[in-house]
Amino acid sequence: MATPVFFLRDDDVFACDALFTELHRFFIKRDLSVVYGVIPAKMKKPFITQMLAFKKKHPYAFDIAQHGFCHADHHRRGKDKYEFGPGRSYRAQAADIQKGWSLLEKAFGAHAVPAFLPPYDLFDQNTLKAVDAAGLKIMSCGAPARRAGKKFVWLPVDFMMNDFKADGTPVALDAKTMLARLTARLPRASVTGIGFHHYAIRTKKEMAEAKKFFNALTVLRDRKEIKLVLLSDILRMKAFSCSRAN
Ligand SMILES: [Zn+2]
């Protein structure tokens, strides 16, 4: 059986606060590659400067990918939250996706990875069309969708390190639960994301559990039971077969 391939994906990144920086340093120390889902319209100059400094030091250690535009919520009462999806025209979605990508490119140049991660994990056919039109090469999202004729590579995230309350607030899990969920995924060979939100880690105990889980990932990786990649690695692999992902 082929080795399962995972990518770590931390969403809602737009500030290098103490929590983000602590985890970033931890990942560097453990040689753990992470995809940061950055919200383009929320970035401020100090964040851009700090991320560029991190890139200068460790250019291949992490990805900067596009997590929506401003993480707005356009949902109507009683429906699921979304920034991109039903209720928004193709034109509106395409404009936001393009604006977000331009901001990332302007800030990070070649360090920006052309991958789209829709906030709230929602989208519709117009979103997919707009992702293609913007020239983004990867779409990473939970649910599958009709993608016939689309050029981007589809990379799902079907493992979350946190649960969510009904109102969408993330809830941290202990390392045992996270590992049990990951192990349940191991027999399937495909490229899939391990999603998390650094800001969901609120207490020392939750941080210890998260680090325990990340350390367990390094053990599995070093034993060659799993592979950990970045989205940029996937784009670099010319012979990459996306038959399972597509
Ligand atoms: Zn988000």
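Numbers for the structure displayed
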quantity	calculated
Bridge type composition, the chain - antiparallel percent by DSSP, nearest 5	10
Highest-MSF residue in the chain out of SER102, SER232, SER89 [GNM, Cα springs under 10 Å]	SER89
Point-charge dipole on Cβ atoms (K/R +1, D/E -1) for the range 1-105, about Cα centre, debye to 20	220
Whole-Hz couplings from phi, Karplus 6.51/-1.76/1.60, listed for the range 148-158; x for Gly and Pro	3, x, 7, 8, 5, 8, 9, 10, x, 10, 10
Proximal lysines to LYS29, defined as alpha-carbon separation beneath 21 angstrom and excluding residues fewer than eight positions away on the same chain	LYS55, LYS56, LYS57, LYS204, LYS205, LYS211, LYS212, LYS224, LYS227
Loop-resident sites, the range 1-98, for chymotrypsin sites (Phe, Trp or Tyr not before Pro), counting at most 12 other Cβ within 10 Å (DSSP)	TYR60
Point-charge dipole on Cβ atoms (K/R +1, D/E -1) for the range 5-236, about Cα centre, debye to 20	300
Euclidean distance between Cα centres, the range 1-40 to the range 51-109, Å	17
Candidates ALA130, ALA95, ALA110, ranked by Gaussian network fluctuation over the chain, Cα under 10 Å, top entry	ALA110
Separation in nanometres of the label points that stand 7 Å from Cα toward Cβ, at HIS58 and ARG223	2.4
The range 22-66: trypsin sites (Lys or Arg not before Pro) falling in loop per DSSP and having at most 12 other Cβ within 10 Å	LYS44
Residue among ALA208, ALA41, ALA107 with the largest mean-square fluctuation in a Gaussian network model of the chain, springs linking Cα atoms under 10 Å	ALA208
Order of ARG185, ARG76, ARG9 under a 10 Å beta carbon neighbour criterion, fewest first	ARG76, ARG185, ARG9
Dipole of the range 44-188, positive end: most advanced residue of LEU122, GLY100, MET161 [Cβ charges, Cα centre]	GLY100
Cβ-defined net charge surrounding MET161, 13 Å radius [Lys, Arg +1; Asp, Glu -1]	-1
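Throughout, read-outs are computed from the coordinates displayed, never taken from laboratory work. No experiment lies behind these values; they were computed from the predicted model shown. Because the Cβ atoms are built from the backbone with ideal geometry, glycine has one as well, and the counts that use them run over all protein chains shown.
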